[in-house]
Amino acid sequence: QVQLVESGGGLVQPGGSLRLSCAASGSISSSYTMGWYRQAPGKQREAVAVIISGGSTNYADSVKGRFTISRDNAKNTVYLQMNSLKPEDTAVYYCNAKRIGYVFWGQGTQVTVSS
(Lines give C-alpha, C1' and ligand atoms only; values in the text may rest on other atoms or scores of the structure.)
Protein backbone atom coordinates (compact mmCIF):
# COMPACT_ATOMS: atom_id res chain seq x y z
CA GLN A 1 0.00 0.00 0.00
CA VAL A 2 1.28 3.46 -0.93
CA GLN A 3 0.67 6.50 1.20
CA LEU A 4 1.23 10.05 0.01
CA VAL A 5 1.51 12.86 2.55
CA GLU A 6 1.51 16.47 1.37
CA SER A 7 2.87 19.40 3.33
CA GLY A 8 3.84 23.01 2.79
CA GLY A 9 0.49 24.62 2.13
CA GLY A 10 -0.67 27.79 3.81
CA LEU A 11 -1.68 31.40 3.39
CA VAL A 12 0.48 33.62 1.19
CA GLN A 13 0.10 37.07 -0.31
CA PRO A 14 -0.19 37.55 -4.07
CA GLY A 15 3.26 37.45 -5.63
CA GLY A 16 4.60 35.22 -2.89
CA SER A 17 6.01 31.71 -3.00
CA LEU A 18 5.33 28.34 -1.44
CA ARG A 19 6.98 24.97 -1.74
CA LEU A 20 4.81 21.89 -1.47
CA SER A 21 6.25 18.49 -0.60
CA CYS A 22 4.79 15.04 -1.09
CA ALA A 23 6.41 12.20 0.80
CA ALA A 24 5.62 8.71 -0.43
CA SER A 25 5.78 5.63 1.75
CA GLY A 26 5.24 2.03 0.92
CA SER A 27 5.99 0.24 -2.32
CA ILE A 28 6.67 3.14 -4.64
CA SER A 29 9.48 3.30 -7.11
CA SER A 30 10.96 5.79 -9.50
CA SER A 31 8.86 4.19 -12.26
CA TYR A 32 5.78 6.02 -11.02
CA THR A 33 4.59 9.17 -12.72
CA MET A 34 4.14 11.78 -9.99
CA GLY A 35 1.91 14.77 -10.23
CA TRP A 36 0.27 17.68 -8.50
CA TYR A 37 -3.41 18.43 -9.00
CA ARG A 38 -5.61 21.09 -7.49
CA GLN A 39 -9.27 21.66 -6.82
CA ALA A 40 -10.78 25.04 -6.14
CA PRO A 41 -14.23 25.42 -4.53
CA GLY A 42 -16.95 24.66 -7.03
CA LYS A 43 -14.50 23.51 -9.69
CA GLN A 44 -13.25 20.19 -10.96
CA ARG A 45 -9.88 18.82 -9.98
CA GLU A 46 -7.26 19.77 -12.55
CA ALA A 47 -3.72 18.71 -13.29
CA VAL A 48 -1.11 21.30 -12.40
CA ALA A 49 2.20 19.56 -13.10
CA VAL A 50 3.48 16.04 -13.70
CA ILE A 51 6.90 14.48 -13.78
CA ILE A 52 7.59 11.08 -15.30
CA SER A 53 10.24 8.61 -14.23
CA GLY A 54 12.76 9.92 -16.71
CA GLY A 55 12.41 13.45 -15.40
CA SER A 56 10.35 15.01 -18.19
CA THR A 57 7.75 17.47 -16.98
CA ASN A 58 4.46 18.93 -18.12
CA TYR A 59 2.60 21.92 -16.77
CA ALA A 60 -0.83 23.43 -17.06
CA ASP A 61 -0.73 26.57 -19.18
CA SER A 62 -1.92 28.61 -16.21
CA VAL A 63 1.21 27.82 -14.17
CA LYS A 64 3.93 27.62 -16.81
CA GLY A 65 6.89 29.78 -15.91
CA ARG A 66 5.73 30.11 -12.29
CA PHE A 67 5.62 26.55 -10.92
CA THR A 68 8.34 23.90 -10.98
CA ILE A 69 7.87 20.22 -10.21
CA SER A 70 10.80 18.08 -9.15
CA ARG A 71 11.43 14.72 -7.53
CA ASP A 72 14.02 13.16 -5.29
CA ASN A 73 13.79 9.43 -5.90
CA ALA A 74 16.20 8.65 -3.07
CA LYS A 75 13.80 10.33 -0.63
CA ASN A 76 10.59 9.20 -2.38
CA THR A 77 9.54 12.83 -2.41
CA VAL A 78 8.12 15.13 -5.06
CA TYR A 79 8.08 18.90 -4.76
CA LEU A 80 6.13 21.77 -6.27
CA GLN A 81 7.83 25.14 -6.11
CA MET A 82 5.21 27.83 -6.64
CA ASN A 83 6.33 31.38 -7.37
CA SER A 84 4.45 34.55 -8.32
CA LEU A 85 1.31 33.14 -6.76
CA LYS A 86 -2.04 34.59 -7.77
CA PRO A 87 -5.41 34.54 -6.00
CA GLU A 88 -6.65 32.13 -8.68
CA ASP A 89 -4.07 29.61 -7.49
CA THR A 90 -6.11 29.20 -4.31
CA ALA A 91 -7.15 25.55 -4.04
CA VAL A 92 -6.54 22.29 -2.29
CA TYR A 93 -3.44 20.73 -3.84
CA TYR A 94 -3.22 16.96 -4.13
CA CYS A 95 -0.26 14.72 -4.79
CA ASN A 96 -0.75 11.82 -7.20
CA ALA A 97 1.29 8.74 -8.01
CA LYS A 98 0.41 6.41 -10.84
CA ARG A 99 1.58 3.67 -13.09
CA ILE A 100 -0.26 1.05 -15.09
CA GLY A 101 -2.90 -0.47 -12.85
CA TYR A 102 -2.24 1.76 -9.85
CA VAL A 103 -3.30 5.26 -8.81
CA PHE A 104 -2.73 6.82 -5.40
CA TRP A 105 -3.78 10.19 -3.95
CA GLY A 106 -2.70 12.19 -0.95
CA GLN A 107 -5.12 13.87 1.42
CA GLY A 108 -4.46 17.35 0.06
CA THR A 109 -3.01 20.56 1.41
CA GLN A 110 -4.73 23.95 1.30
CA VAL A 111 -3.08 26.84 -0.51
CA THR A 112 -4.68 30.25 -0.08
CA VAL A 113 -3.40 33.30 -1.94
CA SER A 114 -4.88 36.45 -0.50
CA SER A 115 -3.91 39.88 0.73
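The values are calculated or read from the model by the stated rules, or taken from the named source; none is laboratory data. What you see is a predicted model, and the numbers here were worked out from it, not measured in a lab. Here the Cβ positions follow ideal geometry from the backbone for every residue, glycine too, while neighbour counts run over all protein chains shown. Calculation scope for accessible area: heavy atoms of the full protein, side chains included, ligands and nucleic acids excluded. Shrake-Rupley method; radii C 1.70, N 1.55, O 1.52, S 1.80 Å.
For the pair ALA40 and GLN1, a Förster radius of 35 Å applied to the C-beta separation gives a FRET efficiency near 0.75, rounded to the nearest 0.05.
Surface composition of the chain: carbon plus sulfur atoms hold 47% of the accessible area, using a 1.4 angstrom probe and ignoring ligands, DNA and RNA.
Give me log10 I(q)/I(0) at q = 0.15, 0.17, 0.21 Å⁻¹ for region 68-109, Debye formula, one equal scatterer per alpha-carbon, no solvent. Treating every Cα as an identical point scatterer, log10 I(q)/I(0) equals -0.49, -0.62, -0.87. Eigen-decomposition of the gyration tensor built on the alpha-carbon atoms of the chain gives equivalent ellipsoid semi-axes of 23, 14, 13 angstrom, largest listed first.
Comparing GLN13, GLN44, GLN81 in a Gaussian network model of the chain, where Cα atoms under 10 Å apart are tied by springs, the biggest mean-square fluctuation is seen for GLN44. Short-range pairs are left out: with C-alpha atoms under 8 Å and at least six residues apart, the relative contact order of the chain is 36 percent. Surface exposure of the chain, expressed per residue as accessible area with a 1.4 Å probe, stands at 53 Å². Using the Karplus relation 6.51 cos²θ - 1.76 cosθ + 1.60 with θ = phi - 60°, the per-residue 3J(HN,Hα) values for region 31-43 come to 6, 6, 7, 10, x, 10, 10, 9, 9, 8, x, x, 10 Hz, with x marking Gly and Pro.
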